[in-house]
Protein chains: 2
Amino acid sequence: MKNNVNREIPDKILNEYHYEDFQSTDFLNPVIQRVAPKVTAQAGPSKVVDSIKQVVHDTVKDGMTISFHHHFREGDDVFNRVMREIIDAGYQNLTLAPSSLTNVMNDIVVEAIQKKTVTNITSSGMRGSLGDAVSHGALKNPVIFRSHGNRARAIEAGDIKIDVAFLGVPNADEMGNANGMNGAAAFGSLGYALMDAQYANQLVLITDDLRPYPNTPASIKQTQVDYVVKVDKVGDPDKIGSGATRFTKDPKELKIAKMVNDVITHSAYFKDGFSFQTGSGGAALAVTRFLRQAMIDNQVKASFALGGITKPTVDLLNEGLVDKVMDVQDFDKGAASSMKSSPNQQEIDASWYADPANKGAMVDKLDVAILSALEIDTDFNVNVMSGSDGVIRGAIGGHQDAAMANLTIISAPLVRGRIATIVPKVTTVITPGDSIDVVVTELGIAINPKRQDLIGQLDKVPGLPVLTIDELQQKAEKLVGTPKPLEFTDRVVALAEYRDGTLIDVIKEVKD
Amino acid sequence: MKNNVNREIPDKILNEYHYEDFQSTDFLNPVIQRVAPKVTAQAGPSKVVDSIKQVVHDTVKDGMTISFHHHFREGDDVFNRVMREIIDAGYQNLTLAPSSLTNVMNDIVVEAIQKKTVTNITSSGMRGSLGDAVSHGALKNPVIFRSHGNRARAIEAGDIKIDVAFLGVPNADEMGNANGMNGAAAFGSLGYALMDAQYANQLVLITDDLRPYPNTPASIKQTQVDYVVKVDKVGDPDKIGSGATRFTKDPKELKIAKMVNDVITHSAYFKDGFSFQTGSGGAALAVTRFLRQAMIDNQVKASFALGGITKPTVDLLNEGLVDKVMDVQDFDKGAASSMKSSPNQQEIDASWYADPANKGAMVDKLDVAILSALEIDTDFNVNVMSGSDGVIRGAIGGHQDAAMANLTIISAPLVRGRIATIVPKVTTVITPGDSIDVVVTELGIAINPKRQDLIGQLDKVPGLPVLTIDELQQKAEKLVGTPKPLEFTDRVVALAEYRDGTLIDVIKEVKD
């Protein structure tokens, strides 16, 4: 039996892991009994402990679930320190439940898997040596991939029960009041980590900057923190920002960015008070630049910009073109450093950003979302997780979540090298085609047939060829041919949840 | 059997209401499984409903627990509107669980009691016609009095389960993002209400100022809110502030304030980085004025000021004499309006302020607290709840909580009219003598004998006569004589919890 995105999930998997098959992008109005942490009361006077080794000894036990955030991105200096102590102490059967895993974490997680320190992982994604190892069957149990909003939902519902959260912060006081805005390793919003801070039974802060008590503003509060560890360094400032603060000069990317902008500005959503999420990377920054000009030319202002925030988006705020920036993470130093001085750049947690199981997430109010893709198929389903070789090399991030926007645009080149982006059937379905409205490539756009309104709005725009998704797929196939089908074993190495916690697809072990 | 403050709590009460007797001011380090709300998911687009009548109909059922906050104080225009609809709709057996009850709420609560709409109440306190009615046995079940910190503890532990919270706010957007800082009825910190927002199953915001989406800063978040009701007016700005923004000119109050200041400045705690809570009222403002001068003269700066905040305290922040103001409520317009422009005036919730059952409350870091009293007895036990006629006319507020300070000073006149403040035995024990360090009256001070260190520091200060508490009591008795003992029936009309949730005293029905 196939689910609603035409994927056959083995019954064995549904039963063993207690999943329901993906049904619909509509979450409806369920009543959900939330869970809450076990709290060990204390009155201070100080929570500072000597070393990570000591705090690991005091908190971790075999079989526990431990968590981290990925706000330091490739500049993270906390994850490896903590995992080193955990591996060396010989713990077994841990579940690793970070908000995501960046490349700097890959090798030590592979080591932890090999030594059976880690036997379960849930994450937004993974890449590099870790994705490779998991795709080849290294981990005992299947990885569970969850979007940022779904991770918040899973934590609130008790699907993820965090025993110990190890959170690196660029500042904290002796009681654990901390934020992401100040200090040498500042990264801005603590959005994803705020879930761990609220729900973990035990919370360890690791910082290189102990500040006088009480440290404010306190995004993480002393009421949530058990231990504070002072180390020499929590992150490399140069690698915390993504670096991509300059607009692309790639003509193909620029062409796509201009067409994305044309789609937005010719849609009915482009009017005073609209809202958008553009994401990061050179192409996204180019869209932001085109959009800025269009807003000025048409005297249109946005009510809010959402998501991972970049400097160009903050510039729109400062120019008065955007009223509010709703900030779950910052992709560069410019965005990170502006938060502390701008009351209109509001830090939001992952639940507020994108969780479908609360009383209203920001993504539900979003007009325009621009998202990327590794593959899109002729049902508009999107893969952002597995590569053309079937190996895991991606992350859901906020993809499924932001696709709830009124106008969800996938921006992608038709082909990458010798590999088609528009395909008959994606390797892994992450975001269902039902939530995708327009696909923009350098050779033209395709509009989801269920959006006849958009077809009407965009059909006659000069320089914006409207094709069917099948036509785009055929163009791609003509350029690069038909690849040899991928070969997998029957073993499931990863489960891809939809944002509501149902199972949308599985990833199998690659056959070499 | 008597408890540790020498009170005999009937076994029947302990058993029927599942209480433990008060034991100690030490909370130790229990592990507490917290509770969490039941959440009904929704995605908007708007939560605005037409009327309070409609939202009451959609949310309230017989037997439920409903809550309110008291941040509008005597200017509250929300409580009466909501209670009117609830009474008129004929609901029965509700538990009323506001953060406190102000005088403007008295008459309608009496009516709700008479009509059996309300059969249980838990509050910080009550006064006037309501205190009188309860003291004369009007309410079906005993009122439970809890401090602000204990209310937070009780909500987190599930002792108070709020079915519907009705929270008035001076601004909100259509999804429920709100703060207390902006709008005609601004009151500053939402500190007490933040507990309700986090833990209530259903949350109704009532506002007179609907703002564009998204409204920031959001102290209450859309993820917590079910309904938003727009009304013409939520509060009377002139009555929201306590009015007491001028220093007292009463010579007796001034004398006490000066002596309080002498106690502080001659104690070992008066040094750079110390912290304090002074409270509200003309006498407290006078202490703040004396303390300000002492800080300037001695080049001493404070790390933080805590609690209910007044304009003179905010002035200390702006003068650089205080680094941070940790703000759970604002007593006047000056304090309320400064929060939005001062990043060092941090809004804190009631748990962070004072809950003993979290990972560290602000009160545990407090050096100096100045508190008031209706009565103090020769064991230093304090009554802030029942009057000299035995009638309920007070509130615990943060009294038990702030008494955890290193130096807790009770500031009170020796006698009020023909009534002694220092008595052999207080009518009701609210704050145990174990947590009181110094009592300051216009005729001298008394130091708790367990604080020999303070006796050493304060014994030889000019103009600061150190007496024993018995000597103070005898002086009072000499002035006003021995009152006729109060007469009560055997019926218990109110239970006074200590901040840890044990039972410290009961209040009985007055016999007329």
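The values are calculated or read from the model by the stated rules, or taken from the named source; none is laboratory data. All values reported here derive from a predicted model rather than from experimental measurement. Here Cβ is always computed from backbone atoms with ideal geometry, including for glycine, and neighbour counts include all displayed protein chains.
Numerical summary
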| item | result |
| --- | --- |
| Residue list for the stretch B:341-363, restricted to those being within 23 Å of B:T216 (Cα to Cα) and either facing another protein chain (nearest Cβ under 9 Å) or without any contact (Cβ under 8 Å) to a residue 40 or more places away in the chain (or both) | B:S341, B:S342, B:P343, B:N344, B:Q345, B:Q346, B:I348, B:D349, B:S351, B:W352 |
| Sole exception among (1) under 28 Å from B:V328 (Cβ atoms); (2) surrounded by 15 or more Cβ atoms within 10 Å (Cβ to Cβ); (3) under 23 Å from the mean Cα position of the chain (by Cα) for B:V55, by number | (3) |
| Boolean, A:S386 is of a type in the set (S, T, N, Q) and within 14 Å of chain B (Cβ to nearest Cβ) | no |
| Selection count, the stretch A:73-87, where residues are outside any helix (DSSP H, G or I) and aliphatic (A, V, I, L, M) | 1 |
| Selection from the stretch B:303-325 of residues that are farther than 14 Å from B:I370 by Cβ, within 13 Å of chain A (Cβ to nearest Cβ) and of a type in the set (G, A, S) | B:S303 |
| Residue satisfying all of: in the stretch A:24-34; exposed (fewer than 14 other Cβ atoms within 10 Å of the Cβ) and either without any contact (Cβ under 8 Å) to a residue 12 or more places away in the chain or of a type outside the set (G, A, S) (or both); farthest from the other protein chains (Cβ to nearest Cβ) among these | A:D26 |
| Positions within the stretch B:192-222 being more than 18 Å from B:V48 (Cα to Cα) and in a strand (DSSP E or B), in sequence order | none |
| Search result, residues across the stretch B:289-314 that are of a type in the set (D, E, K, R), over 19 Å from B:A186 (Cα atoms) and in a helix (DSSP H, G or I) | B:R289, B:R292, B:D297 |
| Subset of the stretch A:88-107 [at negative phi, without any contact (Cβ under 8 Å) to a residue 40 or more places away in the chain, assigned to a loop (DSSP other than H, G, I, E, B) and not aliphatic (A, V, I, L, M)] | A:Y91, A:Q92, A:P98, A:T102 |
| Selected residue (criterion: nearest to the other protein chains (Cβ to nearest Cβ)) from residues of the stretch A:35-51 that are surrounded by 18 or more Cβ atoms within 10 Å (Cβ to Cβ), part of a loop (DSSP other than H, G, I, E, B) and in contact (Cβ under 8 Å) with a residue 40 or more places away in the chain | A:A36 |
| Only one of A:V56, A:V110 that is in a helix (DSSP H, G or I), touching an Asp or Glu at 6+ places or on another chain (Cβ under 7 Å) and at pLDDT 95 or above | A:V56 |
| Qualifying residue in the stretch A:141-161 (condition: part of a strand (DSSP E or B), within 26 Å of A:H57 (Cβ to Cβ), within 14 Å of another protein chain (Cβ to nearest Cβ) and in contact with a helix residue (DSSP H, G or I) (Cβ under 7 Å, 6 or more places away or on another chain)) | no |
